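Down below is the structure, laid out as structure tokens.
The values are calculated or read from the model by the stated rules, or taken from the named source; none is laboratory data. Everything quoted here is computed from the prediction, not taken from an experiment. Note that we place each Cβ from the backbone using ideal geometry, even for glycine, and neighbour counts take in every protein chain shown. Note: accessible area is taken over every heavy atom of the protein model, side chains too, but ligands, DNA and RNA are not part of it. Shrake-Rupley method; radii C 1.70, N 1.55, O 1.52, S 1.80 Å.
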Amino acid sequence: MKISYNWLKEYLPELDLPVEKAARLLTMSGLEVESVEEVESVKGGLKGVVVGEVLTKAQHPNADRLSVTTVNTGSQVLNIVCGASNVAAGQKVLVATVGSVLHTTSGDVIEIKKSKIRGEASEGMICAEDELGLGDSHEGIMVLDSSTPVGMEAASYFNLQSDHVLEIGLTPNRSDAMSHYGVARDLRAVMLAEGMKDPGIAKGESVSLQSGSSDLANVENSEGAPRYSVLHLSDVNVSDSPDWLKQRLTAVGIKSINNVVDITNYVMLETGQPLHAFDLDRIKGGKVRVMNVSDGTLFKTLDGVERKLSSKDLMICDAEGTPLTIAGVYGGLDSGITSDTKHVLLESAWFNSVMIRKTSKRHGLKTDASFRFERGTDPDATVSALQRAAYLLKELAGAGIASSVNDVYPEKAMPFSVKLNISRVNILTGVEIPVEKIRSILASLEISIDHEEDGVMDLSVPRFKTDVQREADVIEEILRIYGYNNVPVPTKLNASLQFSKGADKEKIMHTIADVLTGMGYSEALNNSLTKSAYEQFVDATPVTLMNPLSSELQNMRTSMLFTLLENIEYNMNRRSGDVRLFEFGKVYTQANGKFKEYEKLALVLSGNTAPESWLAPSSKSTFFDLKGVVTSLMSKLNISGVVENVVESAMYSDALELAVNKKTVAIISQVKEDLLKKVVIDQPVFYAEFDLDYLIRKHAESKVVFRELPKFPSVRRDLALLIDEQVSYDSLRNAAFDTDKKLLKEVNLFDVYRGKNLDPGKKSYALSFIMQDESATLNDKQIDKVMQNLQRIYTEKFGAKIR
């Protein structure tokens with residue numbers, strides 16, 4: 001939420017704080033200021049632009065359409081070449097001096113320098129309206145009133161003001177601070193609690209309105225609109241808003257429409273109470289009905305989109321039941337304010353927050369009004385907001401009050417009654433706050449004390465504080481104003497030592513993260529919600545949200561892959577296609593009406609194996625690069641007895657399952673191109689997913705054994721085998737260790753050949769074998785025996801030919 005500091009100070013008349021200090025105080029009170037940005041009503045602030053007087057004008061000797069002028073700027077007389085046809089001696093003009101930077105209406109930037117134009121020196125520029133960013137006119141230079149003082153800064157002449165905009169990260173429970181006045185109230189409360197000078201508190205001027213029974217509204221759904229107030233204003237002159245109002249709205253990101261609509265926005269941002277203005281002449285029957293309509297009723301909103309309404313949507317309709325607006329959410333196309341509007345029906349309501357939130361979500365409409373209604377507005381503010389808006393409409397649009405306030409309020413909302421025990425304040429806050437301080441804080445927050453006796457206060461909490469309904473809530477209000485920093489940190493900390501059997505999950509996860517980051521991987525953290533478009537690629541039934549946040553976040557993820565692919569796409573769009581990521585997270589499925597969640601570790605690899613370098617050419621990552629990482633990780637975790645199996649999946653073109661005791665530990669795969677197209681990735685992606693719970697359990701079961709380093713040397717022998725294409729290296733390796741379990745220590749595949757001089761369906765593998773006896777030096781007889789056994793098993797079992 002954006003708050004204008006200049007605007008905020010209107011409600012704190014004596015406020016004299018630098019914006020940075022005010023931002024710090026607000027943050028400490030629970031209204032976190034995420035940024036402070038300086039804004040200017042005219043970009044650049046017209047710095048270096050002054051009022052000058054044209055002393056002389058002469059024809060340029062080398063150009064028919066240029067003039068050579070001398071201009072007095074108060075501090076010096078400048079020679080300026082000007083191309084405007086309306087320049088003349090004696091005029092008061094705006095001069096951009098050397099060094100100034102102009103931001104034009106079209107968005108161009110002009111830096112003023114000394115120059116020569118067709119041979120004549122020019123030491124500045126006499127400016128037109130569009131060159132200063134003040135308008136669209138370029139018919140000639142701006143000519144000022146003859147009484148304007150020479151040398152006056154343009155910023156002073158136009159009364160330009162810089163402002164600071166505070167971006168507040170408003171939490172959903174703080175509906176009381178959804179306005180400039182609400183923020184001002186909190187800032188004043190904190191300042192008083194800090195012992196600072198009272199800045200005062202003030203509200204905008206308003207008119208007194210009579211309440212009556214004018215037949216302007218009929219509320220047929222009082223649950224949806226517990227309070228509904230409308231006012232008729234006549235003789236309204238719809239026009240552009242004055243500059244001060246435009247500047248206020250622009251500063252906080254609201255576009256100016258016209259004076260009537262701008263006033264409704266202004267009052268909403270000032271008080272937190274949304275308003276809506278109808279053209280009364282366009283409402284059939286001259287009255288509105290607050291009601292529900294039939295399912296499927298078509299309604300065209302202000303954005304020109306025709307929407308199908310639900311019978312659960314609260315609507316504002318005309319006397320015949322034709323929809324005019326979606327209550328509290330969005331206006332209709334056929335009842336809004338136009339330049340011809342003369343009679344305005346001004347609406348101010350207290351709508352049911354739950355209904356508004358569901359309607360807003362149902363239609364995918366998020367507006368400033370729905371933002372406030374969803375969180376809960378103040379039922380006592382409806383009429384006061386009308387009074388404030390009526391005052392501004394009289395001042396800025398010449399409106400007349402044509403009716404009393406039609407205030408439909410069948411059951412008055414009472415303040416929240418809360419009992420506050422002072423001793424509980426001290427227990428929950430951990431600090432003894434003086435009772436007088438508590439009273440002062442409560443008064444500054446407009447919480448009244450109805451009765452006080454024996455350390456217990458009976459409080460009336462105003463309805464605008466929708467989240468303060470319990471004693472603990474009041475204590476939280478007191479503490480945030482008193483100041484969390486004023487709560488002393490205890491000098492003594494008590495802790496108990498605990499011993500638990502089993503694996504230390506956090507420690508193992510840190511070990512895994514250390515291994516992967518050491519291999520160049522970065523950790524990702526993604527939302528566990530994904531698009532329903534990914535469903536076609538999963539074998540499991542996804543868990544679908546009943547009330548999704550958006551159409552993009554409808555399902556709980558069934559695989560970690562989808563969000564990691566979106567990470568790759570994000571990086572590729574920013575020219576960073578070499579991606580190595582890992583993520584710890586959960587996946588979710590359902591079957592037979594039961595929901596299940598599993599903890600996973602996922603790795604994704606795409607792009608080049610290393611950055612480009614003069615030292616070595618870069619190469620593309622492969623399936624086996626990722627397999628090497630997985631193997632190294634399992635070795636680090638002391639996972640043994642791994643069996644590899646080829647598997648098929650809708651998501652993977654090639655996939656290898658790693659199992660221990662017939663239980664899948666991990667899957668290594670290459671992602672299918674069809675899935676990659678869903679996220680616009682045009683390079684291969686390799687993916688591995690671990691069953692993290694099983695991985696941790698197997699690691700915890702493993703035992704670390706320390707052995708003395710061998711004293712005797714190892715021996716290497718090589719074999720070249722001609723084998724069938726379907727024979728895997730893994731099967732050859734396992735067969736080798738089955739053949740000799742004592743001397744054989746390592747098996748490695750160091751060369752693969754396919755192609756010329758080999759029969760179809762054949763390939764050549766070159767394997768190395770490392771042998772070692774830990775008790776003696778190996779002799780040729782032992783080595784030859786092992787190699788003969790290996791040749792025999794490869795020949796008999798795999799049909800290999802020794803090359």
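Annotations for the structure displayed:
- Of the residues Val727, Val752, Val747, the single one that is in a loop (DSSP other than H, G, I, E, B) and of a type in the set (A, V, I, L, M) is Val727.
- Residue ID - least open to solvent (accessible area, probe 1.4 Å), chosen from residues in the stretch 596-623 that are at pLDDT 90 or above and aromatic (Phe, Trp, Tyr): Phe623
- Residue in the stretch 160-170 that is more than 30 Å from Ser384 (Cα to Cα), among the aliphatic types (A, V, I, L, M) and out of contact with any Asp or Glu (no Cβ under 8 Å at 6 or more places or on another chain) present: no
- Wholly enclosed strands (runs of 3 or more DSSP E) of the stretch 20-116 bearing at least 3 residues touching a Leu at 6+ places or on another chain (Cβ under 9 Å), under 30 Å from Trp244 (Cα atoms) and of a type in the set (A, V, I, L, M, F, W, C): 49-59, 92-97
- Just so you know, in the stretch 615-639 the residues that are of a type in the set (Gly, Ala, Ser) and in a loop (DSSP other than H, G, I, E, B) include one that is farthest from the chain's Cα centre (by Cα), and it is Ala616.
- The stretch 296-334: number of residues that are within 12 Å of His276 (Cβ to Cβ) and surrounded by fewer than 18 Cβ atoms within 10 Å (Cβ to Cβ): 1
- Subset of the stretch 139-154 that is in a strand (DSSP E or B) and free of Cβ contacts under 8 Å to residues at least 60 places away in the same chain - its residue that is nearest to the chain's Cα centre (by Cα): Ile141
- Applying a threshold of 7 Å to beta carbon distances and a minimum spacing of six or more residues, or different chains, the list of pairs starting in the stretch 706-732 at a residue that is free of Cβ contacts under 8 Å to residues at least 40 places away in the same chain and ending at one that is among the charged types (D, E, K, R) reads Glu725/Lys762; Glu725/Lys763.
- Number of residues in the stretch 233-253 that are surrounded by 17 or more Cβ atoms within 10 Å (Cβ to Cβ) and either touching a Gly at 6+ places or on another chain (Cβ under 9 Å) or without any contact (Cβ under 8 Å) to a residue 24 or more places away in the chain (or both): the value is 4.
- Residue count, the stretch 128-149 (criterion: out of contact with any Gly (no Cβ under 8 Å at 6 or more places or on another chain) and buried (at least 19 other Cβ atoms within 10 Å of the Cβ)): 5
- Test result for Thr517, within 28 Å of the chain's Cα centre (by Cα), β-branched (Val, Ile, Thr) and either surrounded by 13 or more Cβ atoms within 10 Å (Cβ to Cβ) or at pLDDT 90 or above (or both): yes
- Residues located in the stretch 150-185, provided they are open to solvent by less than 50 Å² (accessible area, probe 1.4 Å), of a type in the set (Gly, Ala, Ser), under 30 Å from Val51 (Cα atoms) and touching a helix residue (DSSP H, G or I) at 6+ places or on another chain (Cβ under 9 Å): Ala154
- Subset of the stretch 683-705 (residues that are without any contact (Cβ under 8 Å) to a residue 40 or more places away in the chain and under 38 Å from the mean Cα position of the chain (by Cα)): Tyr694
- Residue check for Ala659: more than 38 Å from the chain's Cα centre (by Cα), of a type in the set (Gly, Ala, Ser) and surrounded by 15 or more Cβ atoms within 10 Å (Cβ to Cβ): yes
- Counting only helices (runs of 4 or more DSSP H) that sit completely within the stretch 335-415, those holding 1 or more residues that are β-branched (Val, Ile, Thr) and open to solvent by 10 Å² or more (accessible area, probe 1.4 Å) correspond to 353-363, 382-397.
- Residue pairs meeting the criteria (Cβ under 8 Å; at least 6 apart or on separate chains; first under 28 Å from Ser775 (Cβ atoms), in the stretch 742-763; second among the β-branched types (Val, Ile, Thr) and part of a strand (DSSP E or B)): Leu744/Ile770; Lys745/Ile770; Glu746/Ile770; Val747/Ile770; Asn748/Ile770
- Failed criterion for Ala610 (all others in (1) assigned to a helix (DSSP H, G or I); (2) over 21 Å from the mean Cα position of the chain (by Cα); (3) aliphatic (A, V, I, L, M) hold): (1)
- Every listed requirement among (1) open to solvent by 30 Å² or more (accessible area, probe 1.4 Å); (2) part of a strand (DSSP E or B); (3) not polar (S, T, N, Q) is met by Arg733 save one, (2).
- For the stretch 186-230, a residue qualifies if it is assigned to a strand (DSSP E or B) and either surrounded by fewer than 20 Cβ atoms within 10 Å (Cβ to Cβ) or of a type in the set (Val, Ile, Thr) (or both), and the qualifying residues are Ser211, Gly212, Asn218, Val219, Val230.
- A single entry from Arg463, Arg480 fulfils the requirement of being open to solvent by less than 30 Å² (accessible area, probe 1.4 Å), in contact with a helix residue (DSSP H, G or I) (Cβ under 9 Å, 6 or more places away or on another chain) and of a type in the set (Lys, Arg): Arg480.
- Residue list for the stretch 526-548, restricted to those being in contact (Cβ under 8 Å) with a residue 60 or more places away in the chain and either open to solvent by 60 Å² or more (accessible area, probe 1.4 Å) or not in a loop (DSSP other than H, G, I, E, B) (or both): Ala533, Tyr534, Gln536, Phe537, Asp539, Asn547
- Subset of the stretch 420-460 that is assigned to a loop (DSSP other than H, G, I, E, B) and open to solvent by 60 Å² or more (accessible area, probe 1.4 Å) - its residue that is nearest to Arg188 (Cα to Cα): Glu446
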